[in-house]
Amino acid sequence: MTQLKDKKSLSVSVTDNREACLDPSFLPPKKVWLAVYVRIHHEQRISERLTACGIENFVALQQQHRQWSDRLKLVNRVVLPMIVFVCVTSLQRRQVLQMPSVISYIVACGEHCPAVIPSEQMEKFKFMLDYSPEAVNLINIPLERGKKVRIIKGPLAGMIGVVITVKSEKRVGVCLDGLGYACVKISSGYLEALV
């Protein structure tokens, strides 16, 4: 920090930008969820590196049975290819981008700053991945708004979503801002309409 005096002998403080970037008191300590693009098939490696650096992260994985000619095997499937979610502070954002195989943050259309995903939506998405007996798929086409429903039966009971029709199949979608809808196939008998 340097002190300058203008023509009227007033003292003016000027902060060097490098000092502001290094001093955590200038930045909000709040962590936010962001989505990061990574190289294809590097999601789990990046997650391991982030964990080693102490950065909270999440890769959307779901276990599925795969049939080969000689065996049936339970494998982890990446639900959102090339995407790793990170919960970071302003200081950690740059650290994530400096890792090998990280491409960029996902930004909202027409904006230049990373799209922030609300914590509540991340928790719902994690819950859906953990407790859904069916495969969770991401649909990135624009969807029309439908009826709001609550799931009343099964492991996803209590979740609220929007009924959508894709290729004439009933599905419940939980909205993730900036990413589209995370959808799971569910019987219409498991749903209750909300007013």
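The values are calculated or read from the model by the stated rules, or taken from the named source; none is laboratory data. Model, not experiment: these values are computed from the prediction. All Cβ positions, glycine included, derive from the backbone under ideal geometry; neighbour counts span all protein chains shown.
Here are a few things to note about the model shown:
- Taking the conditions (1) in contact with a Lys or Arg (Cβ under 7 Å, 6 or more places away or on another chain); (2) over 23 Å from Arg45 (Cβ atoms); (3) not in a loop (DSSP other than H, G, I, E, B) in turn, Glu134 satisfies each one other than (3).
- Pair list, Cβ < 6 Å and 6+ apart or interchain, from the range 56-82 residues that are under 30 Å from Ser119 (Cα atoms) to residues that are basic (Lys, Arg): Gln62/Arg77; Gln64/Arg77; Val75/Arg66
- Scanning the range 94-115 for residues that are outside any loop (DSSP other than H, G, I, E, B) and crowded, with 17+ Cβ neighbours inside 10 Å returns Val96, Val102, Tyr105, Pro114.
- Single residue of Lys148, Lys167, Lys185, Lys124 found to be at pLDDT 75 or above and surrounded by fewer than 17 Cβ atoms within 10 Å (Cβ to Cβ): Lys148
- In the range 17-63, residue modelled with the lowest pLDDT [restricted to those that are surrounded by 13 or more Cβ atoms within 10 Å (Cβ to Cβ), polar (S, T, N, Q) and in a strand (DSSP E or B)]: Gln62
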